[in-house]
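First up is the structure itself, then whatever we jot down about it.
The values are calculated or read from the model by the stated rules, or taken from the named source; none is laboratory data. Keep in mind that what you see is a predicted model, and the values were worked out from it rather than measured. All Cβ positions, even for glycine, are placed from backbone atoms using ideal geometry, and neighbour counts span all protein chains on display.
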Amino acid sequence: MPSLTGACHCQNLSVSFETSLSPAEMVPRACQCSFCRMHSTAALSDPDGHLTFTVRNPGLLNRYTFGLGSTEFLICRTCGVYVGAFMPDGDPGDEAAFANVMAGVLDAREEIISATVPVHRSQENLEERRRRRRAMWTPATLVQESR
């Protein structure tokens, strides 16, 4: 399975996105919540792929949560780039997780030609949101390197 790569501006947070979709086939989603609107999001995911986020310096990772608190928004404390949304899924210490990645951090961002599709999720309760993410988001891993 091909892999797309990318990173935040300072390279502290990097991503590897294994997907069988070509960049031209991807349809970025623009969530309409206040956080995502402020960040002009263009979220990508592939339920058949895998996302690996690697953090060089874990102390510089902001795992921001709000609303229902089910998801960590991965933001670099140094350069301020929002890399993706990460939802741990399971018991504490369990490795299962699902995520999306922001198209703008991928090296192939210029090849992603679709306009963003607005999505409205405010009506979902916690279980509906988790169920949708399990079905639509990408299985994911968050690797924190030790310094």
Discussion item. Checking the conditions here, which among Glu95, Glu72 is of a type in the set (D, E, K, R) and either surrounded by fewer than 14 Cβ atoms within 10 Å (Cβ to Cβ) or in contact (Cβ under 8 Å) with a residue 40 or more places away in the chain (or both)?
Written reply: Glu95
Practice prompt. Tell me, yes or no, whether segment 58-71 has at least one residue that is at pLDDT below 95 and among the aromatic types (Phe, Trp, Tyr).
Written response: yes
Discussion item. Can you tell me which residue is surrounded by the fewest Cβ atoms within 10 Å (Cβ to Cβ) among those in segment 105-126 that are over 20 Å from Asp48 (Cα atoms) and at pLDDT 95 or above?
Written reply: Asp107
Practice prompt. Could you please find all residues in segment 125-147 being of a type in the set (Lys, Arg) and free of Cβ contacts under 8 Å to residues at least 60 places away in the same chain?
Written response: Arg131, Arg132, Arg134
Fill in: Hits in segment 70-102 - residues which are in a loop (DSSP other than H, G, I, E, B), farther than 14 Å from Arg133 by Cα and of a type outside the set (A, V, I, L, M)
Arg77, Thr78, Cys79, Gly80, Asp91, Pro92, Gly93, Asp94, Glu95
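Just give me the residues in segment 103-129 being assigned to a strand (DSSP E or B) and either more than 15 Å from the chain's Cα centre (by Cα) or among the polar types (S, T, N, Q) (or both), in sequence order.
If we filter segment 103-129 for residues that are assigned to a strand (DSSP E or B), which is where we start, we get 106, 117-119.
Result: Val117, Pro118, Val119.
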Worksheet item: What tally of residues in segment 1-35 results from selecting those that are within 23 Å of Pro58 (Cα to Cα), touching a residue at least 60 places away in the same chain (Cβ under 8 Å) and part of a loop (DSSP other than H, G, I, E, B)?
Response: 4
Worksheet item: So which of Asn12, Asn62, Asn57 is more than 19 Å from Pro139 (Cβ to Cβ) and surrounded by fewer than 16 Cβ atoms within 10 Å (Cβ to Cβ)?
Response: Asn62
